[in-house]
1. In nanometres, what is the gap between the two model label sites at Lys209 and Leu137, each 7 Å from Cα along Cα-to-Cβ?
2. Tell me the GluC sites (Glu not before Pro) within the range 11-61 that lie in a loop according to DSSP and have at most 15 other beta-carbon atoms within 10 Å.
3. For the range 69-209, what's the relative contact order in percent, using C-alpha pairs closer than 8 Å and at least 6 residues apart?
4. Would you calculate, for the chain, the mean residue ellipticity at 222 nm contributed by helices, counting each DSSP H stretch of 4 or more residues as -39,500 (n - 2.57) and dividing by all residues, to the nearest 500?
5. Which length gain, in nm to one decimal place, applies between Thr14 and Glu32 when the Cα-Cα distance is subtracted from 0.36 nm times their residue separation?
6. Counting pairs on different chains as well as pairs 8 or more places apart, how many Lys pairs in the range 62-204 have Cα atoms under 25 Å apart?
7. Could you pull the Rg and Dmax for the range 42-184, using just the Cα atoms, both in Å?
8. Net charge near Phe213: determine it from the other residues with C-beta under 11 Å of the C-beta of Phe213, scoring Lys and Arg +1 and Asp and Glu -1.
Amino acid sequence: MKIIDNVKTQTKETQNLITAAMAVELLRKGNERFLKNERLNRKLNQQVKQTAKGQYPFAIVLSCIDSRIPAEIVFDQGIGDIFSVRVAGNFVNEDILGSMEYACKFAGTKLVVVMGHTSCGAVKGACDAVKTGNLTLLLDKIMPAVDETRTAPNEKRSSENLDFVNRVAVRNVELTVENIYEKSPVLYELYNRGTIDIVKAMYDVSTGKVDFFS
């Protein structure tokens, strides 16, 4: 792991050495460096040249479009290290699943991360049942998480209740992973064979910390 940690640009050889468990650890360590402001000193212009003829990312991260959680930065990764998929509410559809399938089946990626975050605007919109334009259809994809998140008697089920919002965000991550299993036979087969892992994570916008959870 130490050798891989020090690699500045991923190659086919280094990607082959990384298991799914190691990929999670690489992201954990990257987030730790981010929190300590001890990011690796990469020469990004050099990485551009080194990856021009090929890319060998070890993970694909599905996260929200929220400007506060750029995956490469919060995990301290460089050019060519991870695929990054972003959509408000970090759900999956056919296009996103196809992107994940390409990453894992054809590009050698070992890990799929579904990462939600606290204070998510998309989740707040779903909690408030916002209806406007195409956003209505987007928020509909998050509504199952809203509906399945329980509240205490008289507890508000709206964006005014941030604890509820954050619990919905966690449930939304869980449902997204379930949808990956159910709607992508390609990824499910790779997962069952142990070729890849699919993990859940939450990013805290107030601290910058990423927590992986089962």
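Any read-out appearing in this document is the output of simple, stated calculations on the displayed coordinates, not a laboratory observation. This structure is a prediction, so every number in the text was calculated from the model and none was measured. Cβ atoms come from the backbone with ideal geometry, glycine included; neighbour counts cover every protein chain shown.
1. Here the modelled spin labels are 4.0 nm apart.
2. Glu38
3. That works out to 35 percent.
4. Using -39500 (n - 2.57) per qualifying helix, the result is -12500 deg cm²/dmol.
5. That works out to 4.3 nm of additional length.
6. 13
7. 17.0, 58
8. Overall, the nearby charge balance is -1.
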